Amino acid sequence: MNVRRQVLKSALGLTLAATLGSAALAQDTAKVGLILPMTGPFASTGKQIDAAVKLFLAQNGNTFGGKKIEIILKDDTSNADVTRRLAQELVVNDKVAFLAGFGLTPLALAAAQVATQAKVPEIVMAAATATITEASPYIVRTSFTLPQASEPMADWALKNNIKRVFTVVTDYGPGIDAETSFANKFKAGGGTVESVRVPLRNPDFAPFLQRVADSKPDALFVFVPSGIGAQFMKQYVERGLDKAGIKLIGPGDVVDDDLLEAIGDVALGSITTHHYSAAHDSAANKAFVAAFKAANNGLRPNFMAIGGYDGMRVIAEALKKTNGNTDGDALIAAMKGMSFESPRGPILIDPETRDIVQNIYVRKTEKLNGELFNVEFATIPMVKDPVKAAKK
Amino acid sequence: MLTILFDGIAYGMVLFVLACGLSVTMGLMNFVNLAHGAFAMLGGYIAVLLMQKAGAPFLLTLPAAFMGGAIVGLVLERLLYRPMYGKTHLDQVMFTIGIVFMAVAGADYLMGSSQQIIRLPSWLQGRFEIAGIGIGRYRLFVLCVCGLLAFSLQWGFTKTRFGSRLRASVDDARVARGLGIPVNRLFALTFAIGSGLAGLGGALGIELMGLDPSFPLKFMIYFLVVVTVGGTSTITGPFFAAMLLGVADVAGKYYVPEIGAFIIYVLMVVLLIARPEGLFARARS
C-alpha cells in the first residue's frame, strides 16, 4: 500500500515536473511559421527557401537571444486564400513569433492583414512587387523588388549604345512592375520602348517574338516567371533573334540559377541585372553555395534560396538584439536598419520602408568549367527600391 | 506576314493531332472524354523521361509516346471507360474530369510540378529563310509529321475496311453487331489510336507549348474548341478548325497583342453561330 502510494506520488511529481518543464520550454522557443508553395507550379521556390532556412539553422545553431527557433513549415500551394488561412492558424493556434516565406506577391499580400492585426513580423523571402512592404508596418523583405532589379538595366542599356528596346513581360503584377520601371527610366534617358504583355497562361511565344523580330530593336527586355523562362529562351533562339543581333536583357528571373543548366547554351550571352548569382565572387558566397549543394544533392541555390537564407538571418539577429523578446514592435524595431554581409553582398533593411537595400549586379551568362553561370561584371552599389523612393 | 501564317499552321497542326483523338471518341463513339489531355500529357512525359533518363534520341521518343498513350488508352478503355458508354453525358463528364484531376495530381507527385524541358537534336534547331519567309526547322518538322498523319487518318477512315466498319458501328451499333462486326473491339482500337495520337501530340508539343502537370486542364479548352468548331463526324472538320484556330491565335497575338489571347474565343462564337453543327457537318435531321 505504502509502496503503491509512493509510486503514485513520484509519478505525479514527474508529470508535474514534465508539465512545468515543457511550459518553461515553450517560453524559450520562438516559433517561425514558414508559409511556402511546396507543391504546384511554384514548388521550386518553396523547396529552395525551405532548404536555405534549414541550412542557416544547421550552420548557426538554432538558439538566438536565448530563444530556440522552431520552424513550422506550411504549404499554401500558391493559393492566396490558403496563405491567409494558414497565417491565421499559425498566429492563433501555434502562437508564432514570425511569419515568413511567401513565394508570390498575392500570397504575401494575403497575410499582410494578419500580420498587422496580430503584430507579428512578416518576413517576405521571395515575392517581389514593389508595393508589398506598404501593405503592413510589420512586413520586412529580404528578397528584392522588380523595379530595383529592372531600373539599373535601363542605365546599363543606355550606356551601352542600346537605343531601341522591345519589352516582353508576363501580364501580372511583377511583370508590369518590371516593364514600367524599365520603360520609364529608359525613356527618360532618351531611349525608345515598344511593349507587349504576354498572358500568364500562354502556350506559345511565337507571335510575340515574331513582333520583336519584325521590329528589329537593339535589345529585347524580358520578364517571365522563372519557370517558363526556359521555353522563352529556346523560342528566342529558334526565331533567330540572337543571330539578328537583338540582345536579350532583363531582370535575372529568366536565367534563374536553378534552371540555367536545363535552359542550356541558348542562354549564353544574355545580359541581366539581379541581386544574386550563384557565381557571385566572395568567400561568403562560395561557402554558402558549397554548403547548400552538399546539403541538397548538388542543387544549386538560386535567388529564392538567398532570400530565405538572409531572411532567417534577419530573424536570428533580431532575436539577439531584443534578447529573446518576441514582441512584434520590438522585433520590427530591431530589424530596421539592420545590415550585414550576405552571400549576395552587403545588404541593409531600409529603416524607413523595411525593404531591402542591396547591390544590383550586371551579369552575363557564360560557361565556367562546363557549367552555365551568370557572371557578374559590374555592380551598382546599394540600390533602394525606386518606386518607394520616388514617392517621397 | 507569311511567317506568322506558317507559325500558325504549325501550331494548328499540333492542336489537330492533340484533338483529333477527342473528335474521334466524341463524334464516333458519342463519348465525352475530357481526360483526353491526360493522355497527351502522358505521351509528353514518356518523351521527356526517355530523353532525360535513357538518353533516347528525340525521333525514337515519338513512336514511344504514341505507343504509351495507346496502351494506357486500351487498358483504361477496357477497365474504366466501357461501363460508361451507356451512361449520360453528365456522368461521362464527371467521370473523365475526375480522371483529369487524378492525372494532374499524379503527374505532380511523380514528376514534380516544374516545366519539363527537352533538348532537340541540332538538325531540328534554328531556322532558315525561303523567299523572305523565316521558317523554324522544328515547326516545319511538326508540319510534315502532322500533315502526313492527317492524310493517313482521312484515308484510313474513308478508304479502308476498318474505316467503313467503324463508320457502320457508329451509325448503328446494333445492326453492325448483327452483321458480325466486332463493335467492342473496333471501339477499343479506335480509342487506343485516339489516345496514342494524343500522346504523340503531347510529345510533339513540348517544344511549342511546354509540359507541366496542369497540361490537361490548360489545353482542355483548346481541344474542345477545335472539336466543337470542327464538328465531330469527320477528320477534315477538326483539321481545318485546328488550322483556323492556330492561325487566328498566332495572328491575333501578333497584330493585337492586347486582346490576342481572346481572339480564338470570338472566332469560336462567330463560327458556332454561323455553323452550329461544325464547319463541314451536314445538318442532322
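Bear in mind these aren't lab numbers, they're just calculated from the coordinates by the rules spelled out. The structure displayed is predicted, hence computed values, not measured ones. Cβ coordinates were reconstructed from backbone atoms using ideal geometry, including for glycine residues, and neighbour counts include every protein chain displayed.
If a helix is a whole DSSP H run, which ones in chain A reach 15 Å or further along their own axis (Cα) and hold a mean Kyte-Doolittle hydropathy of at least -0.5?
Those that clear 15 Å and a mean of -0.5 are A:2-27, A:43-60, A:80-92, A:105-118, A:146-159, A:173-188, A:283-295, A:303-321.
Just name one of B:P57, A:A262, B:H36: the one whose Cα is farthest towards the positive end of the charge dipole of the protein assembly as shown (beta-carbon charges, Lys/Arg +1, Asp/Glu -1).
Most positive-ward Cα: B:H36.
Hey, for a label at B:L272 modelled as a point 7 Å past Cα toward Cβ, could you say which residues of region B:196-232 have their backbone N under 13 Å away?
Backbone N within reach: B:221-231.
Among B:I97, B:I118, B:I130, which one shows the highest mean-square fluctuation when chain B is modelled as a Gaussian network with alpha-carbon springs under 10 Å?
Residue with maximal mean-square fluctuation among B:I97, B:I118, B:I130: B:I130.
Just name one of A:V362, A:L319, B:P182: the one whose Cα is farthest towards the positive end of the charge dipole of the protein assembly as shown (beta-carbon charges, Lys/Arg +1, Asp/Glu -1).
Projecting each Cα onto the dipole axis, the largest value belongs to B:P182.
For region A:166-247, compute Rh as the Kirkwood radius over C-alpha pairs and then the Stokes-Einstein diffusion coefficient at 10 °C and 1.306 mPa s; write the answer in µm²/s, rounded to an integer.
Answer, rounded: 123 µm²/s.
Any chance you could list P(r) for region B:2-274, counting all Cα-Cα pairs in 5 angstrom bins from zero, rounded to whole %?
Pair shares across the bins are 1, 6, 12, 17, 19, 17, 13, 8, 4, 2, 1, 0.
What average count of beta carbons from other chains do you get within 10 Å of the Cβ of residues in B:205-215?
4
Which value results for Rg/Rh of region B:43-189 when Rg is the Cα radius of gyration and Rh the Kirkwood radius based on the inverse mean 1/r?
1.06
Go through region B:147-152 residue by residue and turn each phi into a ³J(HN,Hα) via Karplus (6.51, -1.76, 1.60, θ = phi - 60°); whole Hz please, and just put x for glycine and proline.
x, 4, 4, 4, 4, 5
Give me the angle, in degrees from 0 to 90, between the Cα long axis of helix B:161-171 and the longest principal axis of the Cα atoms of chain B, rounded to the nearest 10.
Value to nearest ten degrees: 60.
Just tell me which lysines come within less than 22 Å, Cα to Cα, of A:K367; anything on the same chain fewer than 8 places away is out.
A:K234, A:K243, A:K247, A:K286, A:K293
What's the longest uninterrupted piece of chain B once you rule out the GluC sites (Glu not before Pro) that are loop residues per DSSP with at most 15 other Cβ within 10 Å?
Free of exposed loop sites, the longest segment is B:1-257.
With +1 on each Lys and Arg Cβ and -1 on each Asp and Glu Cβ, how big is the dipole of chain B about its Cα centre, in debye rounded to the nearest 20?
820 debye
Explain nothing, just the number: relative contact order of chain A, from Cα pairs under 8 Å at least 6 residues apart, as a whole percent.
17 percent
What residues qualify as long-range amide H neighbours of A:N359, i.e. H under 5 Å apart, gap of 5 or more or another chain, H built at 1.01 Å from N?
A:M382, A:V383
Treat every Asp and Glu Cβ in chain A as -1 and every Lys and Arg Cβ as +1, leave all other atoms uncharged, and give the resulting dipole magnitude about the Cα centre to the nearest 20 debye.
It works out to roughly 740 debye.
Please give the length that would be gained between A:A390 and A:A283 if that part of the chain were fully extended, namely 0.36 nm times their separation in residues minus their C-alpha to C-alpha distance (nm, one decimal).
Difference between extended and current length: 35.0 nm.
According to a simple spin-label model (label point 7 Å from Cα along Cα-to-Cβ), what is the distance in nm between A:K216 and B:E129?
0.9 nm
Which lysines, if any, have their Cα less than 26 Å from the Cα of A:K388, not counting same-chain residues under 8 positions apart?
A:K119, A:K159, A:K185, A:K187, A:K336
Taking only C-alpha pairs under 8 Å that are 6+ residues apart, what is the relative contact order of chain B in percent?
Computed over chain B, the figure is 38 percent.
In debye, nearest 20: dipole of the protein assembly as shown around its Cα centre with unit charges on the Cβ of K, R (+) and D, E (-)?
For this selection, approximately 1240 debye.
Mind checking which of A:A390, B:I206, A:G252 is farthest towards the positive end of the protein assembly as shown's charge dipole, using Cβ charges of +1 (Lys, Arg) and -1 (Asp, Glu) about the Cα centre?
B:I206
Under a crude label model (7 Å from the Cα following the beta-carbon direction), how far is B:L59 from A:F340 in nanometres?
5.8 nm
Under a cut-off of 16 Å between alpha-carbon atoms, report the aspartates and glutamates in cross-link reach of A:K95, not counting same-chain residues fewer than 8 places apart.
A:D28, A:E70, A:E122, A:D327, A:D329
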